[in-house]
Structures are given as C-alpha cells and as structure tokens.
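The values are calculated or read from the model by the stated rules, or taken from the named source; none is laboratory data. As the structure is a prediction and not an experimental result, all values here were calculated from the model. Every residue, glycine as well, gets a Cβ built from its backbone with ideal geometry; the counts of neighbours run over all protein chains shown. Calculation scope for accessible area: heavy atoms of the full protein, side chains included, ligands and nucleic acids excluded. Shrake-Rupley method; radii C 1.70, N 1.55, O 1.52, S 1.80 Å.
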Amino acid sequence: MTETIVIAEIAKGTIHATTSELVTAAQALGGSPIIIVPCTDASVADAAASIQGASKVIAAKSDVFNHYDAAGWASAIDAIAPAGTILTSATPQSKDLAARIAARRNISVVQDVVAIDGNQLTSPVYSGKAMQTVALSGPAVISVRANVFDAAPSGGSCDVAVVDTTGNMATAVQEFMARASQRLDVAEANIIISGGRGMGSPDNFVHLEAIADTIGAAVGASRAAVDTWEAIPHSMQVGQTGKTVNPNLYIAVGISGAIQHLAGMRSSKYIVAINKDADAPIFQHADYGIVATWEDALPVLQSTLAGMMA
Amino acid sequence: MVNIIVLVKQVPDTNAKIVVSGDRVDLSAVKKVMSPYDEFAVEAALQHREANGGEVTALTLGGAGADKVLKDAKAIGVDHIVRIDSDGDHDSNSLQTAIASVLSELGAEVVYCGKSAADTGAGSTGPGLAERMGWASVSNVISVAFDGGITVVAPSEGGDARISVPIPAVISCDKGNMKVRKPNVKGIMQAKKAKVEVKTVAIQPSSVAIVAHTMPPAKPAGKSYEGGAAAAEVARLLRDEANVI
C-alpha cells in the first residue's frame, strides 16, 4: 500500500492545531501518516512528533520555506515526499500548494474535503448549497477543511528525521505590508463577528470591533455592507464573492442571510444571529437567534463576554 | 506585445437555488453566468493589454452552451474567443492536461483566471496549470500593476505582500479593489458577430469520479430569543453548552 502523507499547516512559525485534524483525516483513508513539516528551522517539527497516529515526522528544511512561493514550495516538498496520497489544510495558501503538488505529480486534487468514507470524499460545491461525493481510484492530493475532523490526541512520540530540500522560487516578495489592525483576518479566525447593512452605518462597526477584541475574533461583513459603504473593505467580506469561512463561532449582526452570504458561512460550527426582523432567513441557520436591534443586544453581549474573559 | 489568455467558466448564477434530483444536481432551470472572479481576471487581462500591448484571448472548456460566456468576455473587450469542446466532468488532472496543451498551442505568455470557480470553489486550475507549464503563479491576487513584468498584491500571513512575478505566469484573481468595466453597445454588437474558435482535444480519463450530489445536511432548529437582554444568556450558552468561548 502506498503512503499517506500529511503536510503540516504552519502559522506564525509553529505547527497549527489543524495539523492534528489532518492526521485524523489521513487515518480515515487508512494507515498511519508521515507528517512533513516545511520549515527553515527543524526544531519547529518537534511539536508534530507528539501527534498520536503519525508514523514518522520529516522536518523538510529549506530557505524556500521562508515565505510562500507556490512553485518553490511544491518542488521542495515533492522532492522529499514519498509516492502516495497527500493531505493539506484547506486554507487558501495550502489549497494553492495542493493543486501545484498534484499537477507536478500528474495526479488529481480534491479540495475542501469535509468527510471521508473509504475511498470516497465529500466536499461542498456551489458554495455549500450542495455536497459532492467523489471516489478516488489512485493517489491524490486532498485539502481538508478545518474544524471538521477531530484532532488526533497528543502524547505520542515518533521519530523526527531532518531532511534538507530545495526548490526554485519563481516569484520575489518586494515588501510585506502589515495589516493596520492587530485583529485577525476572517480567513484565519476561529471566531468571527460580522455586520450587515442592518448596522446602519460603517461607524457602528466599532461595536463589533469591541466584542471582537474582547474574545479574540475577526470582524467580517456582508456583501451588502461592503457594497454600500466604502469604509468596509472587500477583505472583510464573507460570502460567495468574498471569503468562505468555517470558524467555531460565527456571530451575524444585522445580516438578513442572503443566499450568497449563507454560502460563505453556513458550515460554521455554531452560528449566532442578531437581527430585528424575526423573519430574516439567517435565523433558519442559527443555533442561537436573538430577535432584537443591535443597539439593544450588543452592549449586553459585550458586557457579558467581558465579564467571562475577566 | 504580450500574448494574454484569460480563462473563463460558465457557472450557475450565484443567487440561484441549487436542486438535487436523484443523485445529481439539476441545473436545467438555472441561469448560467460567468463565474464572478473570472470578471476580475478579464479586467486584469485587459489592463495588462492596455499597459504593455498585445492581445487577449478568452478560453473556456465546455459544450456549445458555454459559448455565451465567451461572447460575454468579447463584449467586455477581449480580442479572441476559444472553446475547448467537451461535455461531461473531468478531474483536475485530465482538465488541466487538456487546457495546458491548448495554452502551449496558443503560445500563451500570461494566463489570468479567477481565484476559484463559483461551482466547485476548488481554485485548483490556476496553480495546477502553472505547474504543468513550469511557470510562476500567484493566487488570490487583489491588485495588479505592470512595469514590463507584473507586480501583484496578494494576502500574506498578517497582511499583504507585494510580489514581483516574472513572465510567463498564471495570476489567479480575487476581487480586491478592482472595478470591472461593463460591456458597451459596440462591444455587444461585436460579440454577436464574433466567431468562437472551437478546439477538439483528446481528454484523458479521470481517476476521480463523481459518485453523488446531495443536499447539505439540514441543521436542527436552534434556540430563539426575543429582546437584546437575551444576549447575556446566549453568551453563557456559548461558553457552557457550545464550548466555543
């Protein structure tokens, strides 16, 4: 049988928790995976050795992994990964990498997988308005959505092999432009609080920001809000023509729940909706729905959450 | 003078309701449109032509019904429209192999595409084609500038990065701050008369086969509350019941 290989997800120079979920997904495909950790400093890979279920950790060490370049990363990983099925996280960067590695090996890629049953993989299509199940008949590269598979427990101890690799960078970064705010991007956050046109004015987003800062959330927006107000940038937009997110918690405030917004957030683990219109479609998707104006609900939410975090 | 190709795909209108009939989606009653991100790719391709000279070819893959998306691109201002004739589903490997062969045949130097198509949402085609062609690629691009080469801005951890991209390259476009131009009357008239060049390519069999489409699992009804004061109770449930705070 061929190998199953997990490419560790790296965030802020360390192994991201979703890597443990990838190990569970890999086990669902059969076997115990090899974890490849792209790194510039091999000590980063040590954290992967404690993920139970992995057979081996390879610290793939290269200057290429300093910052992301699709061509460089794909060639450097391909050079050291054995033949077999490869799993990555379904973040925008890792989906790009998955597609590139698959093309390099002349195998197929299946993105955004949320369920694995034998050789059958299920992913959302039409932005989550339907699900598609496909059958594999050979090795493939698979990207797996976060917060879907249980994390493999820690406490294991497998060997870490440090392997030097290299690849040719095709692009060159001229400059990094740090985000003005310290707040997370919606694509990276585990909790998102989003506002729609029901917020009345972009100035009122400060109330969402205050809650976001209390609980470490990102602030998002509906397309209606982005299209209406110049002050709300497209980078905040959640929905079919914005970002598709599936955080642990999504709080929708003053968002009616247009089909194209739902498409971008319906797979969130828990959804809270605050809207003054009891008939708003968003309530059909909410785990907790509050029929109220944001002016009434947000101060209560803010003070309660602040009390909990204190 | 740059030979620019823009990939466009026909997809169901993103506001359409998707219906599953038997074990497949039934799109027969659904309006078809250009995938939204492809509109930004067309715009970037036209801006590239205006900056550096050259010609833009819109390329799609599909049956005769997909000619409409090419005509739409023509109305916006592309020079040539080409369709790879194919019905049916292909996995990424078969699809990209076919498109890559046509890119070579057309002498493509720069390829623009949307960051993902609104039907699959996969986003595999751009980077996959770049790898097959041995080219550079940048995905999720939010701004493009031309200075002989291409300079793009794309998200990077904690912010954005300004990146120099050598030609040849594939650029996958997000919305960013790009304003797309609309077709004018002259463009629409020209598009009506324009002829689609149809290419026939042998497409290899897929190793990934669609088994079934299903509707997403229905969510059990949630708890509902009236009045803003309930936010305190919801906050407690988020901590104690959902364990997400």
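Taken over segment B:93-124, residues that are under 20 Å from A:G138 (Cβ atoms) and among the polar types (S, T, N, Q) amount to 6. Being within 7 Å of another protein chain (Cβ to nearest Cβ) and open to solvent by 20 Å² or more (accessible area, probe 1.4 Å) is a description that does not apply to B:S137.
Scanning segment B:100-129 for residues that are farther than 27 Å from A:V114 by Cβ and of a type in the set (V, I, T), we see that the one that is surrounded by the fewest Cβ atoms within 10 Å (Cβ to Cβ) is B:V102. The lone criterion from (1) among the basic types (K, R); (2) open to solvent by less than 20 Å² (accessible area, probe 1.4 Å); (3) closer than 26 Å to A:N190 by Cα left unmet by A:R100 is number (3). In this structure, A:A258 qualifies as open to solvent by 50 Å² or more (accessible area, probe 1.4 Å), without any contact (Cβ under 8 Å) to a residue 40 or more places away in the chain and either of a type outside the set (S, T, N, Q) or outside the structural domain of A:M131 (by TED's automatic domain parsing) (or both). Can you find a residue that is touching a strand residue (DSSP E or B) at 6+ places or on another chain (Cβ under 6 Å) and part of a loop (DSSP other than H, G, I, E, B) anywhere in segment A:122-134? No, segment A:122-134 has no match at all. Filtering segment A:279-291 to residues that are within 7 Å of chain B (Cβ to nearest Cβ) and open to solvent by 10 Å² or more (accessible area, probe 1.4 Å) leaves A:F283, A:H285, A:D287, A:V291. Of the residues examined, B:I171 is not one that is open to solvent by less than 80 Å² (accessible area, probe 1.4 Å) and at the interface with another protein chain (Cβ under 10 Å from one of its Cβ atoms). Here the helices (runs of 4 or more DSSP H) wholly within segment A:196-278 that include at least 3 residues being facing another protein chain (nearest Cβ under 9 Å) are A:259-265. What are the residues in segment A:33-55 that are of a type in the set (S, T, Y) and touching a helix residue (DSSP H, G or I) at 6+ places or on another chain (Cβ under 8 Å), if any? Hit for segment A:33-55 is A:T40, nothing else. Residue check: B:D89 meets all listed conditions (1) within 14 Å of chain A (Cβ to nearest Cβ); (2) without any contact (Cβ under 8 Å) to a residue 40 or more places away in the chain; (3) among the acidic types (D, E); (4) closer than 23 Å to B:A202 by Cβ but one, namely (2). Scanning segment B:31-59 for residues that are crowded, with 17+ Cβ neighbours inside 10 Å and assigned to a loop (DSSP other than H, G, I, E, B) turns up just one, B:S35. Screening the candidates A:G31, A:G13 for the property of being within 23 Å of A:V148 (Cα to Cα) and free of Cβ contacts under 8 Å to residues at least 60 places away in the same chain yields one hit, A:G31. A:V148: open to solvent by 30 Å² or more (accessible area, probe 1.4 Å), at pLDDT below 95 and either out of contact with any Asp or Glu (no Cβ under 6 Å at 6 or more places or on another chain) or hydroxyl-bearing (S, T, Y) (or both), yes or no? So A:V148 passes the test.
Yes or no, residue by residue, for (1) at the interface with chain A (Cβ under 8 Å from one of its Cβ atoms); (2) open to solvent by 30 Å² or more (accessible area, probe 1.4 Å):
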{"site": "B:A194", "(1), (2)": "no, no"}
{"site": "B:I203", "(1), (2)": "no, yes"}
{"site": "B:A212", "(1), (2)": "yes, no"}
{"site": "B:P220", "(1), (2)": "no, yes"}
{"site": "B:L237", "(1), (2)": "yes, no"}
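Across segment B:208-221, the qualifying residues are those that are among the small types (G, A, S) and modelled with pLDDT of 95 or more, and the one among them that is nearest to the chain's Cα centre (by Cα) is B:A209. Within segment B:141-162, residues that are in contact (Cβ under 8 Å) with a residue 12 or more places away in the chain sit with their Cβ atoms under 9 Å from residues that are in a loop (DSSP other than H, G, I, E, B) and polar (S, T, N, Q), at 6+ positions apart or across chains, in these pairs: B:I142/B:N177; B:S143/B:N177; B:V152/A:T171.
A quick yes/no check of all residues on (1) touching a residue at least 60 places away in the same chain (Cβ under 8 Å); (2) in a strand (DSSP E or B); (3) within 30 Å of B:L103 (Cβ to Cβ):
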residue: B:Q204; (1), (2), (3): yes, no, yes
residue: B:I210; (1), (2), (3): yes, yes, yes
residue: B:K219; (1), (2), (3): no, no, no
residue: B:Y225; (1), (2), (3): no, yes, no
residue: B:G228; (1), (2), (3): no, no, no
residue: B:A235; (1), (2), (3): no, no, no
residue: B:L238; (1), (2), (3): no, no, no
residue: B:A242; (1), (2), (3): no, no, no
